[in-house]
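Worksheet: the structure to be examined is printed underneath.
The values are calculated or read from the model by the stated rules, or taken from the named source; none is laboratory data. Predicted model only: the values in this text are computed from it and were never measured. As a convention, Cβ positions derive from the backbone with ideal geometry for all residues, glycine included, and neighbour counts pool all protein chains shown.
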Amino acid sequence: MKRSRSVALVMATMAPAVQSAPQPSGNIEVAEASIPQLQAALATGTVTSRQLVLAYLARIAAYDSQGPALNSIVTLNPAALAQADALDKERASKGPRGPLHGIPVLVKDNFDTKDMPTSGGALALATLQPAQDAHQVEKLRSAGAIILGKTAMHELAAGSTTISSLTGQTRNPYDLLRSPGGSSGGTGAAIAASFAAAGMGSDTCGSIRIPAAYQNLFGLRTTRGLASRTGVIPLSDTQDVAGPLARSVADLAIMLDATVGSDKRDAITAGADAHVPKSYADALQPGSLKGARIGVLRSLFTIVPDDGDGKLVYDQAITAMRNAGAEVIEVAIPGLDEMLNDASASTFEFVEDLRRYLAAHPGVPVASLDAIVKAGLHHDQLDKRLRDPLAGPDRNAPGYQVLLAKRTVARAVTDALLTKERLDALLYPTSLGRPPVIGAENIASNCRLSVVTGLPALAIPAGFTPRGLPVGLELLGAAFAEPRLLALGHGWEQLAKLRQPPFSTPPLVAGKAPGPQQTVVSLAGGGTAKATIRFSYDPTTARMHADVTASGSGRDAPIAIALHRSHEGGPGPILVPIMLRGQKRVSADLVLDALARADLAAGRLAFVLYTAAAPLGTGRKTLAFKPE
């Protein structure tokens, strides 16, 4: 299993953070730092909350709109520094409120915030300013968290690639040509990139869990009724859940402690407090996989054509769980496909649920989905997805009752399986296939089982494909079994140690992103054949630029110069031709994928010169530098 690099809080000089933010004399490197690590640094006085805010703002400035340009942040909290100062003073006079005191977090832009607009990713709602916080935001602030800003999302949460009329496309920090998933893709990308300690998303069908899988994170869809949706723009009342994403299970548990529980404004949470433990962190004990019974729901392992690499990762993870002492058995739910087909209630609920939310916000610029679509204030990729509900059925349609009845059956048979087999959890892939390339509109996922049953599901990292793309598994448990799921996730995390930060957002150097690396490669073939290649490599975008000058006459005239990768220590295939016959000067650009980046770091990429005198290549020269 891959191991994450160690994390240390290191004092560093900071460059301007963002816009006109005041400048500190020093700050900390927060990349990959956990909430407990940050809290320990605050407790010892090593840092202040103000410095934490500035450190995260510096990373956002370096990597969200510049460099890899992840485009994961919609709005920054203009009062974040003032709130940090107040919390620093409170810490000094009264002590911390708890583990989130003075910790910057991010929330998806469908959570109401009284100090920032709430757009739901829609240009039509860019000026919507709620009068009060969403219930979970209110609880985070009460716990001492600083809401650093709002994250990008798929417009109105009506999709899973995170594109919107307000923000455009958000990028996956592990592969900038791919989507981060969605609809909480902005939160997923931002937390993977260490733009905050942890973040909040919402999940109607995979919108927390898919970004977690695609960003090497942990994400939890809680039991229906455990956490409030008050103040969260709805997509489907019977399916919506709001909850956390984090880089570790411990961070997830801390966020969960601060956000779950009853809310008199959200009827489904009545009685939720009875199911909330003193602390979810208490469940995180070592060796929790030993003796656990996990049912592999093989029918949900249907592999799409581009997920062959993922299948190998899943199989390795299952084997590792067995080797750690878990009883892993194959199980099935008869008729599951029929129960999950046509199980989405959003078609019936979205139009009315959104209208009701908008009606509760005086001064909102549009009052309905119909008004948004008629004004053309929605992204082109969502045109059909947003028009279809307007012409579709509502809650009075016969099909709606059929759908709800199917859910009752699905819950009953799933509960029966968990009980009969004495299972701690069911296991299956979170999503099917790699993160889609930007421009694709659909993602295949296993989001529906948790949705139709109302049962909790924890997305856990499963590993990485050979090309460096994260893939995830999902653990689904009994109602209100979040402590057990977190325990299993923690056991897996400690065993597998799979956390790997994205290549595109490394630690800052003196407050700035690492600059391009440059080198010169000289190739000397037989006779008069020569070539000089000056190239630069940007480690935050994986972009390589090469300027090539070649010379030679007669049979020594260059036919081609190619960039090769090695194979098992010997010659390997051509990655890209740099210069072709007849060319003497040329410039070339390419973007290295994860496999090519690993080859570059390991010295497995080399330039080779080809001439008529040396048709099999000559003057092979390995690239000399290693990317950060």
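Exactly one residue out of T162, T151, T113 is over 21 Å from L256 (Cα atoms) and among the hydroxyl-bearing types (S, T, Y): that is T162.
Filtered by the rule that a residue be more than 23 Å from D337 (Cβ to Cβ) and part of a helix (DSSP H, G or I), segment 389-421 gives P389, L390, A391.
Give the residue, chosen from A84, A92, A61, that is small (G, A, S), in contact with a helix residue (DSSP H, G or I) (Cβ under 8 Å, 6 or more places away or on another chain) and either in a helix (DSSP H, G or I) or free of Cβ contacts under 8 Å to residues at least 12 places away in the same chain (or both).
Numbers: A92 fails: in contact with a helix residue (DSSP H, G or I) (Cβ under 8 Å, 6 or more places away or on another chain); A61 fails: in contact with a helix residue (DSSP H, G or I) (Cβ under 8 Å, 6 or more places away or on another chain).
Going through A84, A92, A61 in turn, the sole match is A84.
If I ask for residues that are on the phi > 0 side of the Ramachandran plot and at pLDDT 95 or above, which ones from segment 288-337 would you list? Within segment 288-337, G291, G325 meet the criteria. When segment 454-478 is filtered for residues that are out of contact with any strand residue (DSSP E or B) (no Cβ under 8 Å at 6 or more places or on another chain) and either closer than 17 Å to V409 by Cα or not assigned by TED's automatic domain parsing to the domain that holds L226 (or both), the ones remaining, listed by number, are G454, A478. Of all residues in segment 555-570, those satisfying the criterion of being farther than 29 Å from S504 by Cα and either in a loop (DSSP other than H, G, I, E, B) or without any contact (Cβ under 8 Å) to a residue 12 or more places away in the chain (or both) are A557, G570.
Condition check: touching a residue at least 60 places away in the same chain (Cβ under 8 Å), more than 22 Å from M255 (Cβ to Cβ) and not assigned by TED's automatic domain parsing to the domain that holds T540. Does L220 satisfy that?
Values: touching a residue at least 60 places away in the same chain (Cβ under 8 Å): yes; more than 22 Å from M255 (Cβ to Cβ): no; not assigned by TED's automatic domain parsing to the domain that holds T540: yes.
No: the conditions fail for L220.
Yes or no, residue by residue, for (1) of a type in the set (V, I, T); (2) farther than 23 Å from S450 by Cα; (3) touching a Gly at 6+ places or on another chain (Cβ under 7 Å); (4) surrounded by 13 or more Cβ atoms within 10 Å (Cβ to Cβ):
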site	(1), (2), (3), (4)
A283	no, no, no, yes
K290	no, yes, yes, no
L297	no, no, no, yes
D309	no, yes, no, yes
V313	yes, no, yes, yes
G325	no, yes, yes, yes
M339	no, no, no, yes
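Annotation: T419 fulfils all but one of (1) crowded, with 18+ Cβ neighbours inside 10 Å; (2) at pLDDT 95 or above; the unmet one is (1).
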